[in-house]
Amino acid sequence: MRIAASFQSLKPVLSYELFPPKSEAAVLGLYEHVHQLMVFRPSFITCTYGAGGSTRNKTMEVITEVRRRFDVTVASHLTLVGSTIDDLRHYLTEAKEAGIDGIVALRGDPPKDSPQFRMTPGGFQYANQLVELLTREYPQFSVLVAGYPERHREAPSLEVDLDNLKRKVDAGSDVIVTQLFFDNQDFFRFRDQCWARGIRVPIVPGILPPQSAEQLNRLGQLCGAKMPAELLRRMNDQTDPEGQANVGVEFATQQVGELIAADVPGLHFYVLNQSRATKQVLTELGFEQHDVGLAS
Ligand SMILES: Cc1cc2nc3c(=O)[nH]c(=O)nc-3n(C[C@H](O)[C@H](O)[C@H](O)COP(=O)(O)OP(=O)(O)OC[C@H]3O[C@@H](n4cnc5c(N)ncnc54)[C@H](O)[C@@H]3O)c2cc1C
């Protein structure tokens with residue numbers, strides 16, 4: 001339960017989210033970027049789990065290798081897509097044996113060609129059921145779940161979505177990590193509403209330092225986050241990619257600074273397997289840097 005415990009002693013708890021790279025060359029590049037980011041001594045690192053369990057083995061490989069190389073606490077994302085309950089148990093047992101500390105318990109998105117999530121026969125329908133399984137059968141894991149400051153796209157209202165989030169917390173989640181957002185007011189409102197519903201676990205904002213106008217537009221469509229018009233305008237005013245990236249770093253630095261001032265328990269960076277932007281933001285904000293042994 002090292003992840004849950006870190007929120008009792010540190011503030012803000014720093015974490016990074018990776019995804020499994022497609023090629024072997026990209027895997028090696030990823031470890032170099034993680035090495036760059038380790039100077040800030042993150043409390044934990046997570047790795048996503050792809051659609052339909054397509055990255056199942058890669059997720060496990062990346063997360064165990066990150067743990068081995070950097071001696072850092074790690075969590076694996078796990079979704080319900082394409083898995084029976086026995087498949088989920090199989091993965092969790094493997095994760096336990098590999099020494100993984102936490103599970104980010106998710107329903108998952110439907111595959112690209114299918115508009116709706118369909119429960120796998122013999123599987124689960126909602127993430128709260130996976131949390132129940134974890135609490136009952138795998139109590140050694142810290143359990144993290146997803147929260148949506150701007151509402152999950154399928155939920156009829158933020159209220160209904162919050163009731164469903166509460167189910168995940170009541171089932172035993174230790175930490176909520178949010179979907180990325182660009183307007184801190186959405187996060188503050190969400191945090192207040194969680195509190196009003198009796199949710200007392202740490203609510204960690206998910207941060208993405210945007211790198212280009214094209215990326216912002218793509219992510220907006222993918223995860224439904226509202227696009228800040230002013231940020232888009234400033235990015236589009238730039239004539240080169242470097243200029244756009246700098247605008248993104250400046251924006252994220254201000255956003256994170258405001259979140260820290262508002263006493264958030266942690267910061268979860270969607271680093272997108274790169275180190276530069278996150279490193280610049282943390283440096284600008286005065287996060288201490290430490291020596292890290294060379295990754296091998
Ligand atoms: C931090 C974070 C990490 C992510 N990592 C991944 C990843 O690695 N791989 C991946 O494929 N996707 C990932 N996602 C995306 C996520 O899988 C999708 O947003 C998915 O559509 C919902 O997952 P969930 O776990 O929030 O689902 P749930 O909590 O099950 O919610 C799904 C929908 O059902 C509703 N609902 C929930 N419980 C109930 C209930 N008991 N009865 C009725 N309605 C209910 C909710 O309001 C919501 O609209 C991540 C998202 C976040 C925020």
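The values are calculated or read from the model by the stated rules, or taken from the named source; none is laboratory data. If you're wondering where the values come from, they're calculated on a predicted model, not measured in any experiment. Using ideal geometry, Cβ is built from the backbone for each residue, glycine included, and neighbour counts are taken over all protein chains shown.
Entry remark, region 259-296: residues being hydrophobic (A, V, I, L, M, F, W, C), at pLDDT 95 or above and part of a loop (DSSP other than H, G, I, E, B) number 6 in total.
Within the set Val104, Val81, the sole residue that is at pLDDT 95 or above and within 11 Å of the ligand (Cβ to nearest atom) turns out to be Val104. Quick check: is even one residue across region 231-239 under 26 Å from Val74 (Cβ atoms) and in a loop (DSSP other than H, G, I, E, B)? No, region 231-239 contains no residue that is under 26 Å from Val74 (Cβ atoms) and in a loop (DSSP other than H, G, I, E, B).
The listed residues are Lys58, Lys22, and the only one of them that is under 24 Å from Leu208 (Cβ atoms), within 16 Å of the ligand (Cβ to nearest atom), among the charged types (D, E, K, R) and loosely packed, with under 15 Cβ neighbours inside 10 Å turns out to be Lys22.
Restricting attention to region 136-177 and to residues that are within 8 Å of the ligand (Cβ to nearest atom), part of a strand (DSSP E or B) and without any contact (Cβ under 8 Å) to a residue 60 or more places away in the chain, the residue that is surrounded by the fewest Cβ atoms within 10 Å (Cβ to Cβ) turns out to be Ala146.
Taking each residue of region 98-113 that is closer than 17 Å to Gln129 by Cα and looking for partners that are more than 11 Å from the ligand (Cβ to nearest atom) and assigned to a loop (DSSP other than H, G, I, E, B) with beta-carbon atoms closer than 6 Å, six or more apart or interchain, yields Gly102/Phe141; Ile103/Phe141. In region 108-135, the qualifying residues are those that are outside any loop (DSSP other than H, G, I, E, B) and over 15 Å from Ser76 (Cα atoms), and the one that is farthest from the ligand (Cβ to nearest atom) is Thr135.
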